[in-house]
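Since the structure comes first, as structure tokens, the remarks are kept for the end.
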Amino acid sequence: MKSMEEMIQAAQKAAETIQQQMGETQVKLDAIEVEGQSGGGLVKIRCTAKGRILGVDIDESLMKPEEKQMVEDLVTAAFNDARDKADRISNEEMQKVQGGMGLPPGFKLPGME
């Protein structure tokens, strides 16, 4: 039978392994690029699966003062599209890590949100 000290050490080692895997996943997510679009591709936003914005592309045809409100709406829609894609990929990658550790789907590790 293991002593309490051995069980605590094993738990600490497991926690360190989990933190390392989660850190590696965060780096991987920041390297995965997604693109959100709106207006049939008139506005495009590129971001990482971690949610870092890489670039915005607005078609020249929208560059008129009277189109300002529409452009703002299209940028918002493109951002939301990119964010949805980034969240989907992030969730998939986190499920892979958690599944590899035998954690139940949707389990939230403290400090790893």
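The values are calculated or read from the model by the stated rules, or taken from the named source; none is laboratory data. If you're wondering where the values come from, they're calculated on a predicted model, not measured in any experiment. Glycine also receives a Cβ, built like all others from the backbone with ideal geometry; neighbour counts cover every protein chain displayed. Just the protein is used for accessible areas: all its heavy atoms, side chains included, with ligands, DNA and RNA removed. Shrake-Rupley method; radii C 1.70, N 1.55, O 1.52, S 1.80 Å.
Annotations for the structure displayed:
- For the chain, taking Cα atoms only, Rg and Dmax work out to 20.5, 76 Å respectively.
- Taking the C-alpha atoms only, the angle from helix 4-31 to the longest principal axis of the chain is near 20 degrees.
- Between Ala10 and Asn91, the FRET efficiency from the beta-carbon distance, with R0 = 30 Å, is close to 0.55.
- Solvent-accessible area of the chain (1.4 angstrom probe, protein heavy atoms only): carbon and sulfur portion equals 54 percent.
- Distance violations [Cα-Cα > 23 Å] among Lys64/Lys85; Lys44/Lys96; Lys13/Lys96: Lys64/Lys85; Lys44/Lys96
- Segment 1-93 - accessible surface per residue (Å², probe 1.4 Å): 67 Å²
- Integer Hz, Karplus 6.51/-1.76/1.60 couplings in order for segment 32-42, x for Gly and Pro: 8, 9, 10, 10, x, 9, 8, x, x, x, 5
- Taking the longest Cα principal axis of the chain as reference, the axis of helix 68-100 is set at about 20 degrees.
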